[in-house]
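Worksheet: one structure, shown below.
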Amino acid sequence: MTRLATKLHSYTAIGAAVLALGAGSASAQDEPFQMGALVSITGGGAAIGTAASMGWELAVEQLNESGGILGRQVELTIADSETDPTHGVSEARRLVENVGIEGMVGPVTSQETIPVTTVLTEGNIAQITTAASPTLTPELAPYHFSNSPTGLNQMIANIKYAIEELGAENIALISDNGGMSQAAAAEIAAYLEELGHPLVEVQEFAFRAEDMTPQIFSMRRSEADAVLLINSLVDDTRKFLQNREEIGWDVPVLGSLTLTNYAVGIARDLGEEVFEDVYSVQFSGMSYCEGDPVGESAFAKFAARANETYPDLASVGGPSGIAPYYVEPFILAQAIEGAGTTDGAEVAAWIEANAAEIDNMLGTFGASDENHFLPSADAMVVVRNPYQQREDGLVERILCDD
């Protein structure tokens with residue numbers, strides 16, 4: 001049976017304790033910890049669903065090997081949002097009301113996450129996602145935290161590199177029409193305005209666009225000398241790089257985490273030449289500088305186990321493709337253990353007070369009662385040739401003197 005989570009399923013990780021169903025009922029301590037997960041297994045975001053499911057399952061397997069959560073083995077139930085916010089809300093309610101989840105990971109995209117947080121808030125359940133829309137404030141979603149930086153924080157390192165190192169003066173931006181990207185585009189435009197480098201062109205495309213050449217031609221006509229690319233789906237990153245190469249425009253491109261995390265697969269499909277003059281950002285903990293030891297970082301150790309567990313891991317971009325999802329159950333587990341309860345309000349308060357102490361392989365975390373996006377802009381670095389991973393899975397950082 002394949003380990004890829006390609007259909008709706010309930011997964012009990014290796015090492016889960018067998019419940020004794022004797023004459024009396026099992027105590028709460030004997031019952032598994034119910035962790036819910038929601039992602040697009042079908043629909044336009046199915047590629048994300050495969051990667052997320054792999055990351056979550058590997059994390060739960062390791063959590064159970066180390067004792068589970070609050071001394072209870074973890075049972076992971078993955079639900080399919082079908083890339084439909086309305087269906088995602090229905091599935092979230094099923095997880096809360098029928099499965100009885102005590103903590104939640106996912107969804108992935110902001111347009112699915114935002115409505116789902118209402119269900120988790122009503123259920124007083126802590127939730128960790130990769131959604132990056134700035135509208136996900138503690139006021140809107142008090143028990144929601146993201147292990148992604150906001151769209152702006154994700155791209156600040158790229159913006160500084162474009163201006164300070166590439167000497168860009170005419171910067172254009174292209175993004176998908178999802179909630180996170182639209183909000184990020186507005187924040188990036190305001191940020192560049194403050195820097196005295198207003199965007200010369202802004203373009204947008206729909207999820208799973210079949211052709212982006214009109215948008216690319218428009219940016220070229222604007223005489224852009226650098227292009228910022230921010231989006232959520234690997235299919236759209238692939239299409240943008242393909243269309244850019246087809247029209248022969250060699251403008252420098254600076255991509256978001258999506259580009260980095262799926263670069264290996266894109267290079268396999270389209271060839272390495274599509275990455276000419278392409279840069280992107282990565283978490284500092286997933287990058288290396290010359291002279292850094294091989295295989296010793298937390299990410300390198302994760303990558304070794306991930307490659308051993310999933311022989312076909314390259315199909316979703318290698319270890320970096322599942323890393324954002326892999327860390328989520330560990331964040332949730334540490335917060336619940338730290339708070340000593342599954343109560344959403346108490347778990348959220350613990351994270352706000354202790355985010356910097358959360359062990360993770362990405363970079364510096366922080367949180368407050370005003371900000372639930374855990375990684376800061378300082379956690380992001382610009383990398384070159386993201387498709388060329390070192391033998392331990394890390395990619396090369398460009399600036400190493402900071």
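Nothing in this text is a laboratory measurement; each read-out follows from the coordinates by a stated rule. Source: prediction; values computed, not measured. Positions of Cβ are generated from backbone atoms using ideal geometry, with glycine treated the same way; all protein chains shown enter the neighbour counts.
Only Cα pairs within less than 10 Å get springs; with that Gaussian network setup on the chain, which residue of His144, His197, His372 has the largest fluctuation?
Of His144, His197, His372, the most mobile in the Gaussian network model is His197.
Run the paramagnetic zone check for Glu273: 7 angstrom along Cα to Cβ, then residues of the range 223-264 with backbone nitrogen under 16 Å.
241-251
For Glu290 and Ala304 in the same chain, what is the full-extension length gain: residue separation times 0.36 nm, less their Cα-Cα distance, in nm? Please list the in-between numbers first.
On the way: separation 14, 0.36 × 14 = 5.04 nm, distance 2.03 nm.
That works out to 3.0 nm of additional length.
In which sequence would Ile216, Ile101, Ile163 go, from the one with the fewest C-beta neighbours within 10 Å to the one with the most? Please report the intermediate quantities before stating the final value.
On the way: Ile216 23, Ile101 27, Ile163 17.
Starting with the residue having the fewest Cβ neighbours, the order is Ile163, Ile216, Ile101.
Roughly how tilted is helix 344-354, in degrees to the nearest 10 and between 0 and 90, from the longest Cα axis of the chain?
Result, in degrees: 50.
What's the magnitude of the charge dipole for the chain around its Cα centre, counting Lys and Arg as +1 and Asp and Glu as -1 at the beta-carbon? Answer in Debye, nearest 20.
On the way: 18 positive and 58 negative charges, 169 e Å.
That gives a dipole near 820 debye.
Based on DSSP H runs of at least 4 residues, each adding -39500 (n - 2.57), what is the mean residue ellipticity at 222 nm of the chain after dividing by all its residues, to the nearest 500 deg cm²/dmol? Could you put the intermediate results ahead of the total?
Details: 12 runs with 154 residues, N = 402.
Per the formula, -12000 deg cm²/dmol.
Which percentage, to the nearest 5, of the DSSP beta bridges contained in the range 274-402 is antiparallel? Please list the in-between numbers first.
Values: 8 of 10 bridges.
Of the beta bridges lying entirely in the range 274-402, close to 80 percent run antiparallel.
Anyone know which of Val381, Val116, Val251 comes out most mobile in the 10 Å Cα GNM of the chain?
Per the Cα network of the chain with a 10 Å cutoff, Val251 tops the list.
Under unit Cβ charges (Lys, Arg +1; Asp, Glu -1), what dipole magnitude, rounded to 20 debye, does the range 198-333 have relative to its Cα centre? Present the calculation step by step, with values, prior to reporting the outcome.
Working: 9 positive and 22 negative charges, 83 e Å.
Taking the Cα centre of the range 198-333 as origin, the dipole is about 400 debye.
For the range 334-397, what class follows from the C-alpha gyration tensor (a ≥ b ≥ c being the square roots of its eigenvalues): rounded when a/c is under 1.5, otherwise prolate if a/b is larger than b/c, else oblate? Mind dumping the intermediate values first?
Details: a/c = 4.03, a/b = 2.28, b/c = 1.77.
Taking the square roots of the gyration eigenvalues as a ≥ b ≥ c, the range 334-397 is prolate.
What ranking do 341-353, 290-302 get when scored by the average of other Cβ atoms within 10 Å per residue, highest first?
Per-residue mean Cβ counts within 10 Å order the peptides as 341-353, 290-302.
Find how many whole Å separate the alpha carbon centroid of the range 158-173 from the alpha carbon centroid of the range 265-335.
So the separation of the two Cα centres works out to 26 Å.
With axes computed from alpha carbons, what is the tilt in degrees of helix 46-65 against the longest principal axis of the chain, rounded to the nearest 10 within 0 to 90?
The answer is roughly 40 degrees.
Under the Karplus relation 6.51 cos²θ - 1.76 cosθ + 1.60, θ = phi - 60°, what is the ordered set of whole-Hz ³J(HN,Hα) values for the range 38-44, x standing for Gly and Pro?
Once θ is set to phi - 60°, the couplings for the range 38-44 become 9, 7, 7, 7, 10, x, x Hz.
Provide the percentage of antiparallel DSSP beta bridges, counting only those with both residues in the range 26-107; round to the nearest 5. Could you put the intermediate results ahead of the total?
Details: 1 of 11 bridges.
Antiparallel bridges make up about 10 percent of those DSSP assigns within the range 26-107.
I'd like the antiparallel share, as a percent to the nearest 5, of DSSP beta bridges with both residues in the chain. Walk me through the numbers on the way to the answer.
Working: 13 of 47 bridges.
Antiparallel bridges: around 30 percent, rounded to the nearest 5.
If you average the sequence gap of Cα pairs under 8 Å that are 6 or more apart and divide by the length of the range 246-309, what percent do you get for the contact order? Write out the running numbers ahead of the final one.
Details: 37 pairs, mean separation 20.6, N = 64.
Answer for the range 246-309 is 32 percent.
Can you give the FRET efficiency for Glu165 and Ala206, using 1/(1 + (r/R0)^6), R0 = 35 Å, r = Cβ-Cβ distance, to the nearest 0.05?
Values: r = 32 Å, r/R0 = 0.92.
Efficiency, from the Cβ-Cβ distance: 0.60.
Using +1 at the Cβ of each Lys and Arg and -1 at the Cβ of each Asp and Glu in the chain, identify which of Leu270, Gly255, Met54 lies farthest towards the dipole's positive end.
Met54
Tilt of helix 319-339 relative to the longest C-alpha principal axis of the chain, in degrees (0 to 90, nearest 10)?
40
Classify the range 257-361 as rounded, prolate or oblate from the Cα gyration tensor: take a ≥ b ≥ c as the square roots of its eigenvalues, call it rounded if a/c is under 1.5, otherwise prolate when a/b beats b/c and oblate if not.
Values: a/c = 2.19, a/b = 2.11, b/c = 1.04.
Prolate is the answer for the range 257-361, as a/c is 1.5 or above and a/b outweighs b/c.
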